[in-house]
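The values are calculated or read from the model by the stated rules, or taken from the named source; none is laboratory data. Because the structure is a prediction, the values reported are computed rather than measured. In this analysis, Cβ positions are derived from the backbone assuming ideal geometry, glycine residues included, and neighbour counts consider all displayed protein chains.
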Amino acid sequence: MTATDLALDISVRRVAQSRLPEIDFNHLPFGRIMTDHIFVADYNGKEWTDLRIEPFAKMSISPANLTLHYGQTIFEGLKAYKTGNHEILVFRPDQNAKRMNKSAVRMYMPEIPEEIFLAGLKELLEIDRNWIPTTQGSSLYIRPLMFATDEYVGLQPSQTYRFIIMCSPVGAYYNKPVKVKVETHFTRAVEGGIGYAKTAGNYAASMLPTQLAIEEGYDQLIWTDGKEHKYVEEAGSMNLMFVINGKLITASTGDSILDGITRKSVIQVAKDMGIEVEERKLAISELIEAIQKGTLQEAFGAGTAATIAQIIQIGYEGIRYELPPVETRKISNAIYKELEDLKYGRIPDQRGWMMKI
Ligand code: COI
């Protein structure tokens with residue numbers, strides 16, 4: 001895929017002075033540093049208008065803004081990379097545009113035309129291209145966001161919306177392998193709910209339970225189904241994958257699980273490597289039994305921010321189960337390497353996943 005044919009009328013207002021010289025690219029935190037510019041479009045109740053690039057700055061919002069009260073907002077996460085020849089590659093942005101529109105439909109928000117999403121992204125990346133890190137393990141995290149802009153405290157869908165794309169040069173989301181706890185009390189999402197939508201409410205609901213787990217020494221939760229708390233769902237910040245007896249197993253997506261782009265890419269790469277993949281219900285009891293029998297060989301999270309996050313401990317019913325050492329994990333390490341090589345342009349893009357800017 002190339003971005004050359006994505007031309008729309010986008011006005012540009014540049015910063016007077018770039019903040020780039022202030023940034024230490026050798027010590028990038030996740031998500032705290034924003035680039036100089038953002039892409040913005042406004043929905044006036046009928047169409048998306050006023051497409052523009054403007055300096056990243058604080059926005060003024062009415063206390064009656066509908067998003068602040070009722071959470072009518074959706075977002076995405078994707079990454080851009082700089083190759084050895086200083087080319088810019090973006091990982092599967094078309095998939096983010098499509099998923100954002102699925103979230104929009106569920107949250108009763110207007111869809112953002114894919115060409116606006118992609119053209120805005122392309123223009124923004126061209127202008128902020130010097131912000132894309134070249135340091136090992138770093139990338140430019142891209143956060144598209146749409147939110148209601150009506151000023152009204154009654155409960156009804158907004159008529160007007162704003163779409164923004166902002167970018168942040170980032171290092172690793174998880175600096176080391178993670179410990180996760182199986183959550184059997186709180187519920188993240190249910191059938192018929194909004195779990196598959198990338199909307200603020202799902203993340204807000206996860207904060208208390210995750211914080212309680214952090215206080216016990218874990219990094220994240222394994223959410224289980226809201227009905228019986230018997231089956232693995234996702235981790236909130238990433239999808240979950242396990243290798244049992246050489247097979248890659250992950251929960252099938254549905255109403256309550258985010259249809260992760262890293263998840264589906266991992267599945268495709270695994271299949272292309274000849275690894276058997278099962279997308280199905282995975283009971284916690286099966287997982288624990290596999291750990292006890294020694295047939296659970298690998299466990300990891302897959303997400304844009306997290307990339308492939310190795311899981312080294314799973315907590316369940318007061319017991320902490322230690323998992324096999326990360327160096328022994330042939331499948332996830334091979335998939336991680338293939339995806340990293342692809343993203344940084346070190347191997348040919350045979351699947352047409354990378355958009356060149
Ligand atoms: C992403 O991976 O892009 C996400 O949106 C997850 C978030 C917790 C950073």
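Things worth noting here:
- The stretch 241-260, residues that are among the small types (G, A, S) and surrounded by 16 or more Cβ atoms within 10 Å (Cβ to Cβ): A251, S256, G260
- Failed criterion for K46 (all others in (1) outside any loop (DSSP other than H, G, I, E, B); (2) surrounded by fewer than 14 Cβ atoms within 10 Å (Cβ to Cβ) hold): (1)
- The numbered conditions (1) within 16 Å of the ligand (Cβ to nearest atom); (2) farther than 24 Å from L287 by Cβ; (3) not basic (K, R) are all true for T134 except (1).
- Cβ-Cβ under 7 Å pairs, at least 6 apart or on other chains, the stretch 288-305 side under 30 Å from F30 (Cα atoms), far side in a helix (DSSP H, G or I) and within 16 Å of the ligand (Cβ to nearest atom): A302/T262; A302/R263; A302/V266; G303/T262; T304/I261; T304/T262
- Identification of helices (runs of 4 or more DSSP H) wholly contained in the stretch 62-136 with 1 or more residues that are among the small types (G, A, S) and in contact (Cβ under 8 Å) with a residue 12 or more places away in the chain yields 93-106, 114-127.
- Flag for S252 being more than 19 Å from Y174 (Cα to Cα), within 16 Å of the ligand (Cβ to nearest atom) and at pLDDT 95 or above: no
- Residue that is nearest to the ligand (Cβ to nearest atom) [pool: residues in the stretch 260-275 that are part of a loop (DSSP other than H, G, I, E, B) and touching a strand residue (DSSP E or B) at 6+ places or on another chain (Cβ under 9 Å)]: G260
Results for (1) crowded, with 17+ Cβ neighbours inside 10 Å; (2) within 14 Å of the ligand (Cβ to nearest atom); (3) under 20 Å from the mean Cα position of the chain (by Cα), shown as yes or no for each residue.
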| position | (1), (2), (3) |
| --- | --- |
| K181 | yes, no, no |
| T184 | no, no, no |
| K198 | yes, yes, yes |
| N202 | yes, yes, yes |
| S206 | yes, yes, yes |
| L212 | no, no, no |
| E215 | no, no, no |
| Y218 | yes, no, no |
| I222 | yes, no, yes |
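- Filtered residues of the stretch 302-339 (kept if assigned to a helix (DSSP H, G or I) and either over 23 Å from the mean Cα position of the chain (by Cα) or more than 16 Å from the ligand (Cβ to nearest atom) (or both)): V326, E327, T328, K330, I331, S332, N333, A334, I335, K337, E338
- Scanning the stretch 151-207 for residues that are at pLDDT 95 or above, of a type in the set (A, V, I, L, M) and closer than 28 Å to L124 by Cα yields a count of 6.
- If only residues of the stretch 55-77 that are of a type outside the set (A, V, I, L, M, F, W, C) and crowded, with 16+ Cβ neighbours inside 10 Å are counted, the one that is nearest to the chain's Cα centre (by Cα) is G77.
- Only one entry in E286, E298, E278 is assigned to a strand (DSSP E or B), more than 30 Å from S138 (Cβ to Cβ), away from the ligand (no atom under 14 Å from the Cβ) and not small (G, A, S), namely E278.
- When restricted to residues that are more than 16 Å from the ligand (Cβ to nearest atom), over 15 Å from I132 (Cα atoms) and among the β-branched types (V, I, T), the stretch 40-94 contains 5.
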